[in-house]
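See below for the structure under consideration.
The values are calculated or read from the model by the stated rules, or taken from the named source; none is laboratory data. Being a predicted model, the structure only gives us computed values, none of them experimental. Cβ placement follows ideal geometry from the backbone for every residue including glycine, while neighbour counts extend to all protein chains displayed. Please note that ligands, DNA and RNA were not included when accessible areas were found on the heavy atoms of the full protein model with its side chains. Shrake-Rupley method; radii C 1.70, N 1.55, O 1.52, S 1.80 Å.
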Amino acid sequence: MKRQRQNKLFDRDLMNEAIMQSFVKLNPRIMLRNPVMFTVEVGTAYMLGVCIWILMGEASQGSFAYNFTIFIILLLTVLFANFAEALAEARGKAQANSLRKTREETPAKMVIDNGQLKTVKSSLLKKGDVFYCETGDTIPMDGEIIEGIATIDESAITGESAPVIRESGGDKSSVTGGTKVLSDKIKVQVTTAAGESFLDKMIALVEGASRQKTPNEIALTILLAGFTLIFIIICITLAPFSDFAQTPIPISSYIALFVCLIPTTIGGLLSAIGIAGMDRALRANVIAKSGKAVETAGDIDTLLLDKTGTITIGNRKATNFYPADGINEKDFLRSTVLSSMSDETPEGKSIIELAGINPNSYKLENPTFIKFTAETRSSGVDFENTRIRKGAVDAIKSLCEKAGNSFPKETAEKVKTISTNGGTPLVVSDNDKVLGVIELQDIIKPGILERFQRLRKMGVKTVMVTGDNPLTAKYIAEKAGVDDFIAEAKPEDKMAYIRNEQQSGKLVAMMGDGTNDAPALAQADVGVAMNSGTQAAKEAGNMVDLDNDPTKLIEIVEIGKQLLMTRGTLTTFSIANDVAKYFAIVPALFIATIPALRALNIMQLHSPQSAILSAVIFNAIIIPLLIPLALKGVAYKPIGASALLRRNLLYYGLGGIIIPFIGIKLIDLLVTLFI
Amino acid sequence: MNTEILGVILIYIAAVVLAIPLGKYIAKVFAGEKSWLDPILSPLEKFFFRFSGIDASKEMSWKQSLAALLTINVIWFLISMAVLMNMSWLPLNPDGNPSMSADLAFNTTVSFVSNTNLQHYSGESGVSYFGQLLLMLFQFISAGTGIAICGVVFIAMKERTADMLGNFYNLLVKSCTRILLPLSIVLATILIFRGTPMTFNGKDTMISMQGDTMQVSTGPAAAMVAIKQLGTNGGGYFGANSAVPLENPDYLTNILENISIILIPIALVFALGFFLNRKKLSWMVFGVMTAGFILLVIPTIHYEMGGNPAIEKMGITQPLGSMEGKEVRFGPAASALWEITTTVTSNGSVNSMHDSSMPLSGMNAMLGMMVNAFYGGVGVGFLNFYIFIIIAVFISGLMVGRTPEFLGKKIEAREMKIAMIVFLLHPLLVLTGTAIASHLTAHDTPMGWWFSGNASGWLNNPGYHGFSEMLYEYTSSSANNGSGFEGLGDANPFWNITCGIVMLLARFLPIIGPVAIAGLLAAKKYIPESAGTLKADTATFGLMVFAVIAVLVGLSFFPALALGPIAEHFTLFK
C-alpha cells in the first residue's frame, strides 16, 4: 500500500494558502528576487499613481475607468505569478508535512550508564545516545544498530508494506525514526540530534525555505532580464519617437506595452517550475538535496546500475541439473537437496524447489551443516561418513584434486557452457568426488529491455555493475541490452569507472547503499542513496530514494529533463507571444495620427483601447492557464534531440505565435461588449 | 527570364562559387599551412614581425589577443587624427584640399578604424591623396583585424580544452598579406583596365559635350575601391561612392564589385567548416544567413522594379521601375541587390541612393544592418552571428532537456551575461541615438556649436521619411556599415560626434564579447556528444537560430520601423 499522495493539482486548502501567499509576496523585497515580475510591480504602482492623478483632475491620460482597469489587470498579473510560485511551494510543503507526520514525538527507551533503561521523550535524545527497541516499538530517532537484528516495517516512510531486515554491522545497519520494529530487539546509537536528522534537513530544503537558484536558473534569469531591458529601452525611446510623429501616447499605453512585451509568462512561472521539479522528485519518493541535483540528473550521460534488483529479479534461480557421467540422476538429486537443506539463500531455496523433493523426507543421523564461508566458498552437510559439498567450480575442483580425484572432463565442459550462457554453475561433490553441476540462471526483469532502449534514445549510456565473472556478465549485459558492464566489481572498480567517464567529460549517476559505496556516490554527479542504506551512503549522495528501488534512477533522469524542458518551452512560448502583442498594441498607439498604420491591425481589433486591454488581459490570464503545465512539466519523449526540438518548436514556438492572435481577438470581442 | 533578374542571380551564384575555395584557403591561412604564396609573402611577413619585434609563434590567450587588438587600435586612432587634421600642409595634396576639423577628423578616424567608413565628407574636396592613402591603409588593417579576431574565435571553437588561442599578430598580418592583399591587387587591376583612375596627379580637365570645361577629380582610386569592397569597408574615394562612373565604370565592374562585397564574408563561413572540419556546421550557418539575405533581397528587387505609385499617379510610365537615385547603366534589380548586399555585410558602399529607394527597400536595408549577421562584416559578421547562436543554443538546449551546450561546452550564466550585453548594445545605440535626434528635431531645439541653426534643419524631408533618415544613420553607424540614407545634414559636430561614439562602442564591444565567450568556452571541459545532445549542425537548429534572429531583431526595432518606413509604405501604397 502506497502512502497517499496528493495528485489533485488544485486542492482547496492549498489554494487558500497559495492565494494568501500571493498577496504576502507583493512585498517588493521579495519581488526583487524575480527581476521580470519586479518591473511589472513597479509598472503597476506607477499605474496606481496615474489613476490618482486622474482623480485629481488630470485630463490628458484618458478616462479613469480605463486606466483603473489597466491597473487592476496589471495587479492581477503580478498576483497570478505570485500565485504560481505560492502554489508550488504549498504543494511542496504539504508533501513535506506528510513526511513529517511520521516523525512525531515517540517515547524512547534510552540506555543509561549502568545498562538500565530509562524512558525519555525522543526529542531529548542526543547524538551518541543509545536506545533500545523491541517488537512493537516505534524507532524514535535515526541511528545505527550496534547490537541485534530485527525486522522493521518502513511503510510509514517508503509506503512499501513488506518488512525489511536490519542488523548490526554491514550495510543494512541504519534505521530511520518513525519506522516500526516488527520482531526481535535492537540497540541503536543515535546518529543525529532531533530536528537535524538527514530527512529533516532535506524536508526543509524541499519546503523551499532554503531554496537557492540553480546555475541554469540564474543563466535563464539573465536572459530574461536582458529581454526585459531591451523592452525598457524600446518603451523609453518610443517617447521621443512619438513626439516626432506628433502622436502623444498616454502613460497607460507605455506601461501596457512594456508589461505585455517583457517575458512575464516565463518570468512568473520560473520559480514555480523549479519548485515543482523537486516536488515531482518527491512524489517519486526521492528527496533531492538541491534543485541543482535534479537539474544535473537531466544531463546524465552514464548510468551505473547494479545488476541484482535493477536488471535481474532479485536473485538467481536453479534452472537445470546436470549429473556427471556414470552418476545416477536420483543420487545426484538427493545430494543436491541435502546440500541445500540448511541453505537459506534464495539460490538454495530455488534448488529444492526445482528438485521438487521435500528435504525432510530424507532421514539423517546427526547431520552437521557446513555454512558457506568466503574462504571455502562452499557449503554442505556431513553425516555418517558422507561429506556432501556444493560450491563454486574452482572450490570443489581443488577439493577433489586435493583428495586425488580428477575433475571429470564432461563436467568441466558443462561448466563452460553454463557460464557462456550467462548462468552460474554450482558443482556438487560427495566425499570429494564430483556428482554433477547445477545451473543457476538470472531472470531479467520484464520490460527492462524497453527501458534501456528508452535511455539509449535519450543519449544515456547504461552500465551494469555485477560481481559475476566477465563471461556471465557479458551474457546478461547483452540480454538486457545494457551498453557496458563492470564484472567482478569491487567498490574501487565503480569509483575508477566513474572517474574515467568524468574525465572524458561525462556526467555519471549511480545508486548505492553500502558504506563502501559512499566514495563512489560522492564522486558521481548524481548519487542516489537508498534510504535503507548506511548513514555514510546517504550523506555522500545528493538524493535519497525512500523506496529503495534501483530502477528509480531512470525516473530521476526524466524528471531532470522535464524540468529543463519546461523552462525552455515556456521561455520560447513567452517570447513568441510578443509577435501578436506587437500587432495588437503598435497600431493601437499610432492609428489616430497615422491612419496608414491601420494596415498593421491584422486582427481587426475594435478600437485602440480595446486592443490594449485585450493584450494586457491575455498577458495576465495566460499565467494561471499555464500553471498546470508548469507544475506537471512538459512531457519528455525520447525521440532524439533534433526531433524533440522540432516538436517543441512547433508546439511552443509556432503555437506561441498563433495562440495569442486567437486569444487576443477573442478577448477583444468580449471587451467590445463592455466598452 | 528577365535579364536584369538573371544578372542578379548570376552575381550571387558566382560569389558563392568563388567563396567556397576561398574559404578553404582562408582555413589554411588560419591553420598556418603552407601555400604557393609562401615564397613571395613569407619574407614580407618576416620583415613586419622583425621590424615590430613580434614573435609570431608565441601563443596568446584570448585576453592577450584582445589587449593587443585594442592597443594597436588606439595607436592607429592617434596617427589618423594627426594626419587628417594636418593634411593641408602634408605632402601629396595636389588639389590643395583643407585639413579636417577636430570633430570631422574624430568621426572619420573612428569610422575607418572601426571598419564602418561612414563618410561625412566628400573625398574629392575633403581629403588629400595622403589622407586617402592613410584611409586606404585603415581599410586593410580594420578588415584584417576583423578576420584575425574571427580566426581567434575559430581556434577557440576548435580546441577541446585550451587557454592559448594562436597568435593575434600573426593572424592579423597574414589576414592582410595573404587574404586581402592578393584579392585587392586582382580587383584593382581589372578596375584600372575598365577606367578607374590610379594616379597621383591632380585634377584632370575635360571638355564636355556642351563644350564646357570641367575639372575632374582623380587620384589613386582603383586601389581604394578594391579594398573598400573586399574588406566590407565601403568608404568610397569619391563622394558618390560606387554610383559614380570613376569608381564603378560599367556593368562588368558592377558585377565584380558586388561579388567582392559578399565574397570574404561568405568565404569565412565556409572557412569555419574547413577549419573545424565541421562542414555541416558551416552549411547550417550559411543556410541561415542566406535565408535571411534572400528574404530581404527579393522584396527589395520586387519594389524597385515595380516603380513608385506616386510617380505613376502623375501619369508618368516607369518601364524600368523606380529609377529615382539610380544609375541607368545598372538598373533597379542590380541596384536593389547591391543595396541589400552592402547593408547585410556592413560594407556600406552604394551604387544608388538609398534615400530614393521605395520605403520597404529602405526598411530591408536597415533590417540587414539591424541583424548585421547575415554574412556580416569580414570576421565580425560571424562574431555577431555567434552571439545569436549562443542565445539560440541556450533556449533550444533547454527545450531538449539538457543544460545548454555548444560544440561540447556548457553555456552558463557568465556566457549568457556577455551574450545579452552584446545583443542589447546594438538596439540600445540605435534607438537611443535616434531618440535623442528625434527629440531635438521634434522640439526644433537651437543647437549652438553642435549644429548651425535649429535641429530640424538637418532633415531634408519631414515626417516618416525624415525619421527613417535619422534611424538609418544611427543603424548604419552602430552596424559599422557606413552607408548613408543621405538627405541628412550630417557634416556637423552633432552627427560627427554622436555617430563617432556609436561606431566606437559598436565596433569594440561586439568584438570583445564573442571573443570572451569563445575564450571562456575553450577553457571549459569538453563534453562528448550523445544522442541526447542538441547538434548544432542540423537544419532544425538552423531554423531555431533563424527564429531567434528574426524574433529578437524584429521585436527590438518594430516600433521604430513602424514609424518610419512602414508608415511611409502604407501611406504610399494605399
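Summary of computed values
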item: Extension gain from A:F369 to A:A59, taking 0.36 nm per residue of separation minus the Cα-Cα distance; result: 101.3 nm
item: 5 angstrom amide H check on B:T345, placed H, neighbours 5+ away; result: B:G376
item: Probe 1.4 Å - accessible area at B:F106, Å² to nearest ten; result: 40
item: Local electrostatic count at A:L269 - Lys and Arg +1, Asp and Glu -1, tallied over other residues with Cβ under 11 Å; result: 0
item: Summed residue charge, Cβ within 9 Å of B:H354's Cβ, Lys/Arg positive, Asp/Glu negative; result: -3
item: Ranked by how many other beta carbons lie within 10 Å on average, peptides B:164-175, B:205-216, B:239-250 from highest; result: B:164-175, B:239-250, B:205-216
item: Label-to-label distance, nm, for residues given as B:E529 and B:L320 (7 Å Cα→Cβ offset); result: 5.1
item: Alpha carbon centroid spacing (whole Å) that separates the range B:227-299 from the range B:103-124; result: 22
item: Contour minus Cα-Cα distance for B:K279 and B:H443 (0.36 nm per residue); result: 53.6 nm
item: Using θ = phi - 60° and Karplus 6.51 cos²θ - 1.76 cosθ + 1.60, couplings along the range B:449-456 (whole Hz; Gly, Pro as x); result: 4, 5, 7, 6, x, 8, 4, 5
item: For the range A:118-135, Karplus couplings with θ = phi - 60° (6.51, -1.76, 1.60), whole Hz, Gly/Pro x; result: 9, 7, 10, 6, 4, 5, 8, 5, 10, 4, x, 5, 10, 10, 10, 9, 10, 2
item: Sites A:A522 and A:D484, calculated FRET efficiency, Cβ-Cβ separation with R0 25 Å, nearest 0.05; result: 0.70
item: 0 to 90° range, to nearest 10: angle between helix A:251-261 axis and chain A longest Cα axis; result: 30
item: The range B:545-571-the range B:483-498 distance, computed between alpha-carbon centres (Å); result: 23
item: Helix-only mean residue ellipticity at 222 nm for chain A, each DSSP H run of n ≥ 4 adding -39500 (n - 2.57), per residue, nearest 500; result: -16500 deg cm²/dmol
item: Principal-axis tilt of helix A:409-420 within chain A, Cα atoms, nearest 10 degrees; result: 10
item: Chain B, helix-only ellipticity at 222 nm - DSSP H runs n ≥ 4, -39,500 (n - 2.57), divided by all residues, nearest 500; result: -21000 deg cm²/dmol
item: Where labels lie 7 Å past Cα in the beta-carbon direction, separation of B:R50 and B:V186 in nm; result: 3.0
item: Per residue accessible area of chain A, 1.4 Å probe, in Å²; result: 41
item: For B:G401, distant residues with modelled amide H under 5 Å away; result: A:M565
item: Stokes-Einstein translational diffusion, the range B:4-160 - Kirkwood Rh over all Cα pairs, 1.567 mPa s, 4 °C, in µm²/s; result: 70
item: Computed accessible area, B:H465, all protein chains, 1.4 angstrom probe, square angstrom; result: 30
item: Pair A:I443, A:T386: separation of 7 Å Cα→Cβ label points (nm); result: 3.0
item: Table column - 3J(HN,Hα) (Hz), the range A:620-629, Karplus curve with 6.51, -1.76, 1.60, x for Gly and Pro; result: 6, 6, 5, 5, x, 5, 8, 4, x, 5
item: Computed accessible area, A:S642, all protein chains, 1.4 angstrom probe, square angstrom; result: 30
item: Loop-resident sites, the range B:1-69, for trypsin sites (Lys or Arg not before Pro), counting at most 12 other Cβ within 10 Å (DSSP); result: B:K34, B:K58
item: 5 angstrom amide H check on A:G459, placed H, neighbours 5+ away; result: B:A531, B:G532
item: Two-site FRET efficiency, A:L625 against B:K574, from Cβ-Cβ distance with R₀ of 25 Å, rounded to 0.05; result: 0.05
item: Total accessible area lost when A and B pair, probe 1.4 Å, Å² to nearest 100; result: 5000
item: Angle between chain A longest axis and helix A:64-100 axis [Cα atoms, degrees, rounded to 10]; result: 10
item: Flagged links, alpha-carbon separation over 29 Å, of A:K118/A:K552; A:K213/B:K524; A:K632/B:K410; A:K637/B:K417; A:K289/A:K494; A:K479/A:K561; result: A:K118/A:K552; A:K637/B:K417
item: Accessible surface of the range B:3-572, 1.4 Å probe, proportion on carbon and sulfur as whole %; result: 68
item: If the convex hull is drawn through the Cα atoms of chain A, its volume per residue in Å³; result: 193
item: Accessible solvent surface per residue of the range B:3-572, calculated while the other protein chains remain in place, 1.4 angstrom probe, Å²; result: 33
item: Residues B:N461 and B:I501, FRET efficiency given R0 of 22 Å [Cβ-Cβ distance, rounded to 0.05]; result: 0.30
item: Listed residues A:E401, A:E555 arranged by accessible area, highest first, probe 1.4 Å; result: A:E401, A:E555
item: Positive minus negative residues near B:M214 (Lys, Arg vs Asp, Glu; Cβ under 14 Å); result: -2
item: Ranked by how many other beta carbons lie within 10 Å on average, peptides B:516-523, B:534-541 from highest; result: B:516-523, B:534-541
item: Neighbour cut-off at most 14 other Cβ (10 Å), DSSP loop, chymotrypsin sites (Phe, Trp or Tyr not before Pro), the range B:31-71; result: B:W36
